[in-house]
Amino acid sequence: MVAKTKDKHQNLHPIYAFSSFMNHDHLRIVVEIARQGNFSSVAKLHDLDPSSVSRIVQSVERELGVRLFQRSARHVAVTEAGAAYVARVAHLLEELDAAGDAVKSMENRPTGILRITASVAFGQACLVPLMPEFARRYPEITLELILNDANLDMVADRIDLALRLSPRMAQDLVRVKWFDATYRICASPAYLETHPAIERPEDLGRHPCVLFGHPHPQSSWHLRSANGTTQDITVPTAMVASNGLAQKALALAGMGPALMPIWLAAPEISSGALKQILPGYAVAPSDFEGAAWLLYPHRSFLPAKTRAIVNFLLDHVAKEWTSV
């Protein structure tokens, strides 16, 4: 009987295996293990014991009659057959999700849990202030804001929408530009009153600055004059901050000039707590084409809840995020 069962499923097309299991969650677990390369993280994601995940994999392998993963005490590696199976089943699961989302969208009632991620400073400055209005408009959506300076895996962490800052984004995600990211060099009035004047870009080389980025601080600043001339200035370091909010606090405390996005520094520039340096220049940390992007996994059907937040954010771009 064992030999017959193995022969029967040896070349089983994924669509038949997909139908026979009926438990789609088991297939999702198999796909996630192949993507993440270990059982424990998948078990944690589903709130299961690693032994339960192992039993699920074994049951799928028995049904197919093939080994999907090679397992040792420390490593999990997908087999050639497993990679082929996962690639096709993942597509079928995506289509199944899309079919369900399409039905929900037909009712035009965005519902469910909406998981959004952004960096801490960007989320606090641009996303959090908008969420009360969004919640009032869509009361059947439960918001989960995940503010984290690490770029989370949108599939593994079940993220519906990611807000990211970059000159350009990878092609494997659907991306919509939210707004152009522009920057200013700022310092506190107290710092400027007690240090040599900064009248041209070269003067920055004599001022230790508050840099952003860890472990690779952005010490080379790009400046473009009104006539289009560009130059790179390497600035000395007074202090490095891995978080934009910390960088702004250090600049406010008089630690030195800082290159910051307008969406972060606009309130303090408007109030006079920070003063612009070299206001006649366009400045950027790496690329003058920087932008804020809305990202979501590529799917044939966009869930109503994701469509709702994307459209809402596109309609709510504050003028002070791009100019002061």
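The values are calculated or read from the model by the stated rules, or taken from the named source; none is laboratory data. Worth saying up front: this structure is predicted, and the values here are computed from it rather than measured. Reconstructed Cβ throughout: ideal geometry from the backbone, glycine too, with neighbour counts over all protein chains shown.
Please find, among Ala291, Ala308, Ala265, the residue that is surrounded by 15 or more Cβ atoms within 10 Å (Cβ to Cβ) and closer than 22 Å to Ser219 by Cβ.
Going through Ala291, Ala308, Ala265 in turn, the sole match is Ala265.
Just the residues that are part of a helix (DSSP H, G or I) and buried (at least 19 other Cβ atoms within 10 Å of the Cβ), please, taken from region 228-249.
Gly244, Gln247, Lys248
Output the number of residues of region 33-76 satisfying the condition of being outside any loop (DSSP other than H, G, I, E, B), of a type in the set (A, V, I, L, M) and within 27 Å of the chain's Cα centre (by Cα).
Matching residues across region 33-76 total 6.
Give region 79-124 a look and list any residue that's β-branched (Val, Ile, Thr) and modelled with pLDDT of 85 or more, or say none.
Hits for region 79-124 are Thr79, Val86, Val89, Thr111, Ile113, Ile116, Thr117, Val120.
Can you tell me how many residues in region 151-161 are modelled with pLDDT of 85 or more and out of contact with any Lys or Arg (no Cβ under 8 Å at 6 or more places or on another chain)?
So the count comes out to 0.
Which of (1) touching a Phe, Trp or Tyr at 6+ places or on another chain (Cβ under 8 Å); (2) assigned to a strand (DSSP E or B); (3) in contact (Cβ under 8 Å) with a residue 40 or more places away in the chain; (4) not basic (Lys, Arg) does Tyr296 not meet, given it meets every other one?
Of the numbered conditions (1) touching a Phe, Trp or Tyr at 6+ places or on another chain (Cβ under 8 Å); (2) assigned to a strand (DSSP E or B); (3) in contact (Cβ under 8 Å) with a residue 40 or more places away in the chain; (4) not basic (Lys, Arg), the odd one out for Tyr296 is (1).
Condition first: out of contact with any helix residue (DSSP H, G or I) (no Cβ under 6 Å at 6 or more places or on another chain), modelled with pLDDT of 95 or more and aromatic (Phe, Trp, Tyr). Can you find one or more residues in region 188-203 that meet it?
Yes, region 188-203 contains a residue that is out of contact with any helix residue (DSSP H, G or I) (no Cβ under 6 Å at 6 or more places or on another chain), modelled with pLDDT of 95 or more and aromatic (Phe, Trp, Tyr).
Is it the case that His75 is surrounded by fewer than 16 Cβ atoms within 10 Å (Cβ to Cβ) and within 21 Å of Arg158 (Cβ to Cβ)?
Against the criterion (surrounded by fewer than 16 Cβ atoms within 10 Å (Cβ to Cβ) and within 21 Å of Arg158 (Cβ to Cβ)), His75 does not qualify.
For residues that are in a strand (DSSP E or B) and among the aliphatic types (A, V, I, L, M), scanning just region 203-227, find the one that is nearest to the chain's Cα centre (by Cα).
Only one residue fits best here, namely Leu211.
Restricting attention to region 183-218, and to residues there that are among the hydroxyl-bearing types (Ser, Thr, Tyr) and touching a Pro at 6+ places or on another chain (Cβ under 8 Å), which single residue is nearest to Thr322 (Cα to Cα)?
Top of the filtered list is Tyr183.
Mind checking which pairs have a first residue in region 277-288 that is over 18 Å from Arg200 (Cβ atoms) and a second that is among the small types (Gly, Ala, Ser), Cβ under 7 Å, 6 or more apart or different chains?
Listed by first residue and then by second, the contacts come to Phe288/Ala282.
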